Amino acid sequence: MAKKISILAFGGSLRKGSYNKALLRAALEMVPGDAQMEAFDIAAIPSFNQDLEKEQPQVVKDFKAKIKAADAVLIVTPEYNYSIPGFLKNAIDSASRPYGDNAFDGKPVAFMGASIGMLGTARAQYHLRQCCVWLNMYPMNQPEVMVPFAQEKVDENGRVTDAKTREKIKELLEALVVWARKFKKD
Ligand SMILES: Cc1cc2nc3c(=O)[nH]c(=O)nc-3n(C[C@H](O)[C@H](O)[C@H](O)COP(=O)(O)O)c2cc1C
């Protein structure tokens, strides 16, 4: 039997009731049988300072090690001012450095996101795709999971209750496993 695909997921927002964290939790409940997924909490990653990039804090070392060990990455992004939030970009920048030790190099990646607006993080996700060029990641094209009006799809306990959204997340995970297998060497 083929080895399981390991996925490292991160993102969501820092706020307690984050709809994006709800998406991430829903994804953890729906991991396909031939895969395993772990979420990494990026909240503790300090602001990136290039003067200190060779003495990275333990949390960044841990984050990089988890990314490198994974077959694929799943990034869950809110949309802030038509782009990805600063703390998420900061985590990505931190794990991409120092030059020559980019943890994301060659990784397949998928995205999803939820917003309270009508475009469901489309603009943020396309900015994220742009970052993947220099990161040398391999973004999966479809399905796109952009969840609009998230306040109507997540209940007060932080559970994604909308059936279509849950189905889309499931489809995304299944497609990511197939996508990641194309890059897996062992
Ligand atoms: C600083 C800031 C900027 C925002 N900009 C956008 C935006 O550009 N597009 C959008 O659809 N929603 C925007 N929103 C609203 C977010 O969609 C909403 O706050 C959402 O709940 C954030 O995700 P979260 O629930 O995971 O925290 C913004 C919110 C904040 C705090």
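One Cα centroid belongs to segment 109-134, the other to segment 62-77; the line between them spans 17 Å. In this structure, the pairs whose alpha-carbon distance is over 28 Å, taken from 66/184; 21/54; 3/61, are 21/54. Measuring r between the beta carbons of residue 55 and residue 185 and using R0 = 41 Å, the FRET efficiency lands at 0.85. Take the convex hull of the alpha carbons in the chain; its mean projected area over all directions comes to 10.3 nm². Rolling a 1.4 Å probe over the protein heavy atoms of segment 1-144, with every protein chain left in place, gives an accessible area that is 52 percent carbon and sulfur. When the Debye formula is applied to the Cα atoms of segment 1-49, each taken as the same point scatterer, what base-10 log of I(q)/I(0) results at q = 0.21, 0.26 Å⁻¹? Once normalised to I(0) and log-transformed, intensities are -0.78, -0.98.
Over segment 1-91, the hull volume per residue, using the convex hull of the C-alpha atoms, is 106 Å³. For segment 18-55, which trypsin sites (Lys or Arg not before Pro) pass both filters: DSSP loop (anything but H, G, I, E, B) and at most 11 other C-beta atoms within 10 Å? Those satisfying the criteria are 54. Extension gain for the segment residue 126 to residue 81, taken as residue separation times 0.36 nm less the Cα-Cα distance, is 14.9 nm to one decimal. Remark on residue 13: its backbone amide H falls under 5 Å from those of 20, 21, a criterion applied only to residues 5 or more positions apart or on other chains, H modelled at 1.01 Å from N.
Cβ-Cβ distance of residue 38 and residue 16, R₀ of 22 Å, FRET efficiency by 1/(1 + (r/R0)^6): the value works out to about 0.55. Applying 0.36 nm per residue to the separation of residue 164 and residue 101 and subtracting their alpha-carbon distance, the gain on full extension is 18.8 nm. Decide, for segment 79-174, between rounded, prolate and oblate: order the square roots of the alpha carbon gyration tensor eigenvalues as a ≥ b ≥ c, take rounded if a/c falls under 1.5, and otherwise choose prolate if a/b is larger than b/c, else oblate. Prolate is the answer for segment 79-174, as a/c is 1.5 or above and a/b outweighs b/c. Placing +1 on each Lys and Arg Cβ and -1 on each Asp and Glu Cβ, with no other charges, gives the chain a dipole about its Cα centre of roughly 260 debye.
For segment 40-113, GluC sites (Glu not before Pro) are listed when DSSP marks them as loop and at most 11 other Cβ atoms sit within 10 Å of their Cβ; the list is 55. Rounded to the nearest whole Hz, the Karplus-based 3J(HN,Hα) values (6.51 cos²θ - 1.76 cosθ + 1.60, θ = phi - 60°) of segment 53-65 follow the sequence 5, 8, 10, 6, x, 4, 4, 6, 4, 5, 4, 4, 4, with x at glycine and proline. Taking amide H atoms as placed 1.01 Å from N in the peptide plane, the amide H of residue 137 lies under 5 Å from those of 106, each 5 or more residues away in sequence or on another chain. Among the chymotrypsin sites (Phe, Trp or Tyr not before Pro) within segment 1-98, those in coil by DSSP and having at most 16 neighbouring Cβ atoms inside 10 Å are 82. Think of a 1.4 Å ball rolled over the protein heavy atoms: the chain then has 52 Å² of accessible area per residue.
The values are calculated or read from the model by the stated rules, or taken from the named source; none is laboratory data. For clarity, every value in this text was computed on a predicted model and none was experimentally measured. Virtual Cβ from ideal backbone geometry, glycine too; neighbours counted across all protein chains shown. For accessibility, only protein heavy atoms count, side chains too; no ligands or nucleic acids. Shrake-Rupley method; radii C 1.70, N 1.55, O 1.52, S 1.80 Å.
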